[in-house]
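S.K.: One structure coming up, written as C-alpha cells, with questions to follow.
The values are calculated or read from the model by the stated rules, or taken from the named source; none is laboratory data. These figures come from a predicted structure and were not determined experimentally. Please note: Cβ atoms are built from the backbone with ideal geometry, for glycine as well, and neighbour counts cover all protein chains shown. Ligands, DNA and RNA are excluded from the accessible area calculation, which covers all protein heavy atoms including side chains. Shrake-Rupley method; radii C 1.70, N 1.55, O 1.52, S 1.80 Å.
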Amino acid sequence: VLSHNLCTVLNVPHDPVALEEHFRDDDEGPVSNQGYMPYLNKFILEKVQGNFDKVEFNRMCWTLCAKKNLSKSPLLISDEDAFKVWVIFNFLSEDKYPLIIVPEEIEYLLKKLTEAMGAGWQQEQFDHYKIALNTSREGLSVWELIDLIGSGQFSKGMDRQTVSMAINEVFNELILDVLKQGYMLKKGHKRKNWMERWFVLKPNIISYYVSEDLKDKKGDIILDGNCCVEALPDKDGKKCLFLIKCLDKTFEISASDKKKKQEWIQAIQTTVNLLRAGSPPPHKEARQKRKELRQKLLAEQEELERQMKELQTANENKQKELETVRKQLEAAAARAAEEEKKRLQTQVELQDRFSLELEREKMVRQKMEEQVAQKSSELEQYLQRVRELEEMYKQLQEALEDEKQARQDEETVRKLQARLLEEESAKRAELEKWHLQQQQTIQMTEAEKQELENQRMIKERALQVAMQQLEQLELERKEALEQYEEVKKKLETAANNTKSWKDKVAHHEGLIRLIEPGSKNPHLITNWGPAAFTEAELEQRQKSWKGKKATSE
C-alpha cells in the first residue's frame with residue numbers, strides 16, 4: 001500500500017511484480033534484512049521525473065509520521081498549521097541526519113512569522129533562548145520546532161487566527177514560491193470588460209483566480225526574460241493601471257491604490273530581472289547564502305580549533321623544554337656558587353698582595369703627574385705663540401687680497417667709464433641725426449597739410465555745385481511729370497473723340513471694312529489708326545516735340 005501510494009503521488013508507474021521479485025526469497029518482507037530502502041531507491045525514487053505535486057507528497061509523509069510523533073499537549077496552532085511548519089522545517093533544516101534546524105534558521109523563521117503577524121521582534125528574548133539551546137544541543141528537531149511555535153512563546157498577545165495567517169503567508173513564500181498575491185482588476189482580451197481576480201506571483205508565472213481560495217483558476221501569465229512591466233495613465237474611469245507585456249499577449253491590470261500598484265510593478269520587475277540573470281528566488285538564494293556563511297564560519301571555527309590544538313601542543317612542548325632548562329639552570333647555579341666561593345677566597349689573597357703594589361704605583365704616579373703638569377705649561381705657552389703667528393699671517397693675507405681686489409675694481413671702473421663715453425658719443429650723433437630727420441618730416445607734413453586743405457576746399461565747392469544741379473534736375477523731373485500727365489489726358493480725349501467719330505461714320509454709311517493682307521513694309525500705329533502718317537512725318541513730329549521741351553526747360 002505504501003509503495004502504491006508513493007508511486008501515485010510521485011507520478012511513477014507502480015510495478016507490483018518488481019516488489020514481489022525483490023522480496024521473493026524472504027518471507028518477512030520489507031521488515032526483513034533485505035530492507036525496504038534498496039527497493040525504494042531502485043524502483044521508485046530513481047524513476048521520479050520531478051513533475052509531481054510536492055505539497056501532496058509532503059502531506060503523505062506527514063500522514064505517515066505525525067500521528068506517533070506530534071505532541072499530545074494542546075497547541076496554539078491547528079494540525080494544518082503544524083503540517084505547514086513541518087514542511088518549512090524540511091526546507092530550512094541541515095542536509096544531514098538526524099534532521100535538525102540550527103538556531104540561525106530558527107531565528108530567521110521566527111522573524112518571518114513575527115513580521116507576518118505585524119508584531120515587533122524580541123531579540124533579547126531570543127538571545128536568552130539561544131544561549132539555553134546552545135548549552136544542551138546544536139538545534140531543534142521538527143517536533144520540538146512545532147512545540148516551540150505552538151506554545152506561543154514568541155507570539156504572545158496574538159490569537160490563533162493571526163498565527164495561522166502568518167504561518168500560511170510564510171508557507172506560501174518559502175514552499176510555494178509565492179512572491180506576492182492579492183486582488184486586482186484585469187481587463188479581458190475579448191469583451192474588454194474589467195473583472196476582479198486574485199493574482200498569485202511566482203518566480204516564472206502569474207496565475208489569477210476567481211477568489212483567494214484558489215479553486216477556480218482563470219488563467220496564467222507566463223514570465224520570461226523578454227517580459228516587461230510599465231505604468232499606464234488613468235483611463236476609462238480606471239486608476240492605478242499598469243501593463244504586463246509578454247511575447248504573445250499584453251495584460252492591462254488595475255490595482256486598488258498607488259502603493260499596491262508600485263509594489264506589484266516592483267515585484268514583477270524583480271522577478272523578470274531574476275529570470276534574465278538565471279538566479280533562484282530570493283528566499284532560496286538567501287537560504288543558500290546563510291548556509292554558505294554557516295559552513296564558512298564552521299570551517300573557520302574548525303581551523304581555529306586546529307590552531308588552538310597546535311598552540312596547546314606547542315605550549316606543552318615549550319613547558320617541557322622550560323622544565324629541562326630550569327633543572328639545567330639549577331645545576332649550573334650550584335656549580336656557579338661553588339666556583340664563586342673559590343673565586344672570593346682567591347680574590348682576598350690577591351687583594352692583599354695588590355694593595356702593596358698599589359701604594360708603590362701611587363707614589364710613582366704622583367711624581368709623573370708633577371712632571372706632566374710642568375710639560376703641559378710649557379706646551380701651552382708654545383701653542384699660544386703659534387696661534388698669534390697664524391693670526392698675523394691671516395691678517396697679511398687679507399690685506400693683500402683687499403689691495404688686489406681694489407686694483408681690479410679700479411681697472412673695471414676705468415673700462416666702464418670709457419665704454420660709457422663711447423656710447424654717449426654714439427647716442428649724441430644718433431640723436432642729432434634723428435633731430436634733422438624730424439625737422440625735414442615736419443616741413444614735409446606742413447606742405448602736405450596745406451595741399452590737403454586746398455583739395456578739401458575744391459571738393460566742398462564741387463559738392464555744393466552738384467547739390468544745386470541735383471535740385472535743378474529734381475525740379476525738371478517734376479515739370480516733365482506734369483507735362484506727361486497733361487499729354488496723357490489729351491491723348492485719352494483724342495482717342496475717345498476718334499472712336500466716337502468712327503462709330504458715327506460706320507453707322508451712317510453702313511460700311512464694313514474687310515480684313516485684307518497688308519503691305520510688307522512695317523506699319524506705324526498711332527491713336528488715329530494704322531498708317532495715319534508716314535515715317536518722315538513721325539520724325540518731324542519727334543523733332544518738334546524735343547524742341548518744345550528744350551524751350552520749356
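S.K.: Per the Debye formula with a single identical scatterer at each Cα and no solvent contribution, what log10 I(q)/I(0) holds for region 140-182 at q = 0.27 Å⁻¹?
M.R.: -0.98
S.K.: Rounded to whole Hz and in sequence order, give me ³J(HN,Hα) for region 223-239 from the Karplus expression 6.51 cos²θ - 1.76 cosθ + 1.60, θ = phi - 60°, writing x for Gly and Pro.
M.R.: 3J(HN,Hα) across region 223-239, in whole Hz: 9, 8, x, 8, 6, 8, 10, 8, 6, 10, x, 5, 7, 6, x, 9, 10.
S.K.: Could you give me the ³J(HN,Hα) list for region 144-149, computed from phi with Karplus coefficients 6.51, -1.76, 1.60 and θ = phi - 60°, whole Hz, x at Gly and Pro?
M.R.: Working through the residues one at a time gives 5, 5, 4, 5, 5, 6 Hz.
S.K.: Moving to a separate point now. Set the bar at 21 Å for Cα to Cα. Now go through Lys217/Lys258; Lys180/Lys258; Lys68/Lys112; Lys187/Lys218; Lys260/Lys284; Lys217/Lys238 and name every pair that lies beyond it.
M.R.: Over 21 Å apart, Cα to Cα: Lys217/Lys258; Lys68/Lys112; Lys260/Lys284; Lys217/Lys238.
S.K.: Another one. What are the lysines whose alpha-carbon lies under 26 Å from the alpha-carbon of Lys342, with same-chain residues fewer than 8 places away excluded?
M.R.: Lys327
S.K.: Next question. Which of the lysines could a cross-linker span from Lys72 if the Cα-Cα distance has to be under 20 Å and same-chain partners fewer than 8 positions apart are dropped?
M.R.: Lys84
S.K.: To the nearest Å, what is the center-to-center distance of region 64-121 and region 251-270, using C-alpha atoms only?
M.R.: A separation of 32 Å, based on Cα centres.
S.K.: Applying 1/(1 + (r/R0)^6) with R0 = 30 Å to the Cβ-Cβ distance of Glu340 and Gln312, what FRET efficiency is obtained, to the nearest 0.05?
M.R.: Computed FRET efficiency for Glu340 and Gln312 comes out at 0.15.
S.K.: Continuing with this model, one more query. What is the Cα convex hull volume of region 178-280 when expressed per residue in Å³?
M.R.: That works out to 94 Å³ per residue.
S.K.: Right, another one. Taking the Cα centroid of region 424-489 and of region 288-347, what is the distance between the two, rounded to the nearest whole Å?
M.R.: With region 424-489 and region 288-347 each reduced to a Cα centre, they are spaced 120 Å.
S.K.: Hey, can you grab everything whose amide H is under 5 Å from the amide H of Val178? Only 5+ residues off in sequence or another chain; H modelled, so Pro and N-termini drop out.
M.R.: Glu173
S.K.: Further question on the same structure: At 0.36 nm per residue, and after removing the present C-alpha to C-alpha distance, how many nm does the segment from Asn454 to Glu300 gain when stretched out fully?
M.R.: 44.2 nm
S.K.: Could you tell me the center-to-center distance, by alpha carbons, between region 138-210 and region 365-411 in angstrom?
M.R.: Centre-to-centre (Cα) distance: 110 Å.
S.K.: Right, next: I'd like the Karplus ³J(HN,Hα) series for region 187-194: coefficients 6.51, -1.76, 1.60, θ = phi - 60°, whole numbers in Hz, and an x wherever there's a Gly or Pro.
M.R.: Using θ = phi - 60°, the values come out as 8, x, 7, 9, 7, 6, 9, 9 Hz.
S.K.: Expressed as a fraction of 2.2 N^0.38 Å, the rule-of-thumb size for a compact globular protein of N residues, what is the C-alpha radius of gyration of region 101-190?
M.R.: 1.35
S.K.: Separate question: Rounded if a/c is under 1.5, else prolate if a/b beats b/c, else oblate: with a ≥ b ≥ c from the C-alpha gyration tensor eigenvalues square-rooted, which is region 292-372?
M.R.: Values: a/c = 16.05, a/b = 2.99, b/c = 5.36.
Cα axes put region 292-372 in the oblate bin.
S.K.: Run the numbers on region 142-287 and let me know its relative contact order in percent, using alpha-carbon pairs under 8 Å that are six or more apart. Don't skip to the end; give the middle numbers.
M.R.: Numbers: 203 pairs, mean separation 25.0, N = 146.
Reported relative contact order: 17 percent.
S.K.: Tell me, what is the per residue accessible area of the chain in Å², probe radius 1.4 Å? Kindly include the intermediate steps, with their values, before the conclusion.
M.R.: Working: 42620 Å² over 553 residues.
Ligands and nucleic acids excluded, the figure is 77 Å² per residue.
S.K.: Continuing with this model, one more query. Leaving ligands, DNA and RNA out of it, report the carbon-plus-sulfur percent of the accessible area of region 122-222 at a 1.4 Å probe.
M.R.: Heavy-atom surface of region 122-222 belonging to carbon and sulfur, 1.4 Å probe: 48 percent.
S.K.: Let me ask something additional. Compute the Kirkwood hydrodynamic radius of the chain, taking the inverse of the mean of 1/r over all pairs of distinct Cα atoms, and give it in Å to one decimal.
M.R.: 42.7
S.K.: Still on this structure, I have one more. Between Ile205 and residues 5 or more places away or on another chain, which pairs have amide H atoms under 5 Å apart, with H built 1.01 Å from N, and which residues are they?
M.R.: Excluding prolines and chain starts, which carry no amide H, the hits are Leu223.
S.K.: Now, a different point. Select from Ala231, Val178, Gln351 the residue farthest towards the positive end of the dipole of the chain; place +1 on Cβ of Lys and Arg, -1 on Cβ of Asp and Glu, and compute about the Cα centre.
M.R.: Toward the positive end, the furthest listed residue is Ala231.
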